[in-house]
Amino acid sequence: MENQSENILYNDLKEAFLLRKDISFLNFGSFGACPKPIFDEYQRFQRELEYEPVQFILNKGPEYLKESRIRLAEYLTCNSDDLVYVPNPTYGVNIVARSLDLQPGDEILGTNIEYGACDRTWDFYCAEKGASYIKQSISLPIKSKEAFLDDFRKGFSDKTRLVFLSQITSATGLILPVKEICEEAKQRGILVFIDGAHVPGHIPLNLETLGPDFYTGACHKWMMTPKGSSFLYVKPEHQKQLDPLIVSWGYQADFPSHSQFLDYHQFNGTRDFSAYLTIPKAIDFMKSNDWWGVAEDCRILVQKWLPKLCDVVGSEPLAPVNDEFIGQMGSVPVQCKNPIELKQVLYNEYKIEIPVMVQNGQAYVRFSINAFNSEKDLIKLENALAELKERKLIY
Ligand SMILES: Cc1ncc(COP(=O)(O)O)c(C=O)c1O
């Protein structure tokens, strides 16, 4: 089938997105948003699938999947055989957590600012194996990279088997110094798993120089592919120990490929894997629209507005406001009685889609900025927060 989705260059990138125009969409961080050319590519693959289901699922699809992995590996700087596609990062964390040979007393070292679903995954598998998931407390606001590292180091013990750390955190929206942690863990002989759900397409990522043992990232967030497209990277020496999360034809395969890792994890029975196939298109889209330039403009806007918005509600940013810690998301700590109500009021009354997240008893209004946003959205948010303070929904 002919590829009809050209690499359109947009004068106004807002036009590239399918998002409702009457809502200020400040929650790109949760599930991303897919530009039209990438969404068209998705539907093109889905049509091709329905045109010839058997040929697609058994023959063409696996070839497309391989091509897609090669392009993603090039983008992330790693070997394409060290990557498998997973629907979401939590799925990737489950594969590893389930398979690690944890002994009673062993420890997984995370922080108290990790993503809730991943916390639950580690809690579940650690409980099953008699191991412990340590949520090392990080002092907020983070004063400096050294202060973060000092806090984190307190969590190491002679029982630590693996470090699990977000490269960009969820509720707090902070970039963390994972390179230093990877190096330190290596020196201590401890494995590292980086949760990079928010990283690809947001800040540059080079898996070869970062050198984690395991890394998971979402493509459907900042790379803007359709929902359900993420990856798990695993260093070759650990691939054989990973059990499939879904046992299917790749286990005891009739026709094994050159890689047990691919056999076990890439074919999970009948499903539509079109979202994975759009990754090359997303990489082309970002390239032809100077996405690192777009990301920089967005970052500048976030860094300008984060202190202003904190001022409005009487709080302060969670880390120094610079490129070391702040990318395209800014989390504003707020005091409020009812975070769920606050989110609903922001949407229903002010037409602002923005998450209000609670972690360790603290609520955060987290704004994300992407190509379709402008200063207008932030002025709208500033006015809304000021009014909500007057209305005592924020105090
Ligand atoms: C830090 C972090 N890790 C992992 C995830 C993965 O989310 P899920 O697997 O629920 O899609 C997210 C999603 O927002 C996240 O922010």
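Once you have the Kirkwood Rh of the range 74-138 from its Cα pairs, apply Stokes-Einstein at 10 °C and 1.306 mPa s and quote D in µm²/s.
121 µm²/s
Could you give the accessible area per residue of the range 330-395, probe 1.4 Å, as a whole number in Å²? Show your work: numbers first, answer last.
Numbers: 3080 Å² over 66 residues.
Per-residue value: 47 Å².
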Provide the per residue accessible area, probe 1.4 Å, for the range 45-284, rounded to a whole number of square angstrom. 41 Å²
What figure, in Å² to the nearest 10, do you get for the accessible area of SER132 with a 1.4 Å probe and non-protein molecules left out? 50 Å²
Once you charge only the Cβ atoms, +1 for Lys and Arg and -1 for Asp and Glu, what is the size of the charge dipole of the range 45-284 about its Cα centre, to the nearest 20 debye? 420 debye
Non-local residues with an amide H under 5 Å from the amide H of VAL334, with H modelled 1.01 Å from N and Pro and chain starts lacking one, are ALA363, TYR364, VAL365
Area accessible to solvent at ARG153, 1.4 Å probe radius, in Å²: 90 Å²
Just need the relative contact order of the chain here, percent rounded to a whole number, with Cα pairs under 8 Å and 6+ apart. 21 percent
Given 5 Å bins starting at zero, what is the percent of C-alpha pairs of the range 250-296 in each, up to the one with the largest pair distance? 5, 17, 16, 13, 14, 10, 11, 9, 4, 1
Relative contact order [Cα under 8 Å, 6+ residues apart], the range 103-157, whole percent: 40 percent
Excluding ALA371 itself, what net charge comes from residues whose Cβ is under 13 Å from its Cβ, given Lys and Arg +1 and Asp and Glu -1? -3
Over all directions, average the projected area of the Cα convex hull of the range 104-199 and note it in nm². 5.6 nm²
Inter-part gap, Cα centre of the range 126-172 to Cα centre of the range 190-259, in whole angstrom, is 21 Å
Please work out whether the range 296-377 counts as rounded, prolate or oblate from its C-alpha gyration tensor, where a ≥ b ≥ c are the square roots of the eigenvalues and a/c under 1.5 means rounded, while otherwise a/b larger than b/c means prolate and anything else oblate? oblate
Within the under-14-Å Cβ sphere about GLU316, not counting GLU316, Lys/Arg +1 and Asp/Glu -1 give a net charge of +1
In a shell of Cβ-Cβ distance under 15 Å around TYR251, excluding TYR251 itself, what net charge do Lys and Arg (+1) and Asp and Glu (-1) give? -1
Low-density loop cleavage sites - trypsin sites (Lys or Arg not before Pro) in the range 303-395, where at most 12 other Cβ are within 10 Å (DSSP): LYS337, ARG391, LYS392
Divide by every residue of the chain the summed helix terms, -39500 (n - 2.57) for each DSSP H run of at least 4, and state the resulting mean residue ellipticity at 222 nm, rounded to the nearest 500 deg cm²/dmol. -12000 deg cm²/dmol
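Taking every pair of Cα atoms in the range 45-284, average 1/r, invert it to obtain the Kirkwood radius, and report Rg/Rh to two decimals.
With Rg and the Kirkwood Rh in hand, the quotient comes to 0.98.
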Excluding residues on the same chain fewer than 8 positions from LYS36, give the lysines whose Cα lies under 16 Å from its Cα. LYS14, LYS21, LYS221, LYS227, LYS281, LYS287
Which one of PHE255, TYR364, ALA319 has its Cα pushed farthest toward the positive end of the charge dipole of the chain, where Lys and Arg give +1 and Asp and Glu give -1 at the Cβ? TYR364
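The values are calculated or read from the model by the stated rules, or taken from the named source; none is laboratory data. Quick caveat: nothing in here was measured; it's all calculated off a predicted structure. All Cβ positions, even for glycine, are placed from backbone atoms using ideal geometry, and neighbour counts span all protein chains on display. What goes into the accessible areas is simple: the full protein's heavy atoms, side chains included, and nothing from ligands, DNA or RNA. Shrake-Rupley method; radii C 1.70, N 1.55, O 1.52, S 1.80 Å.
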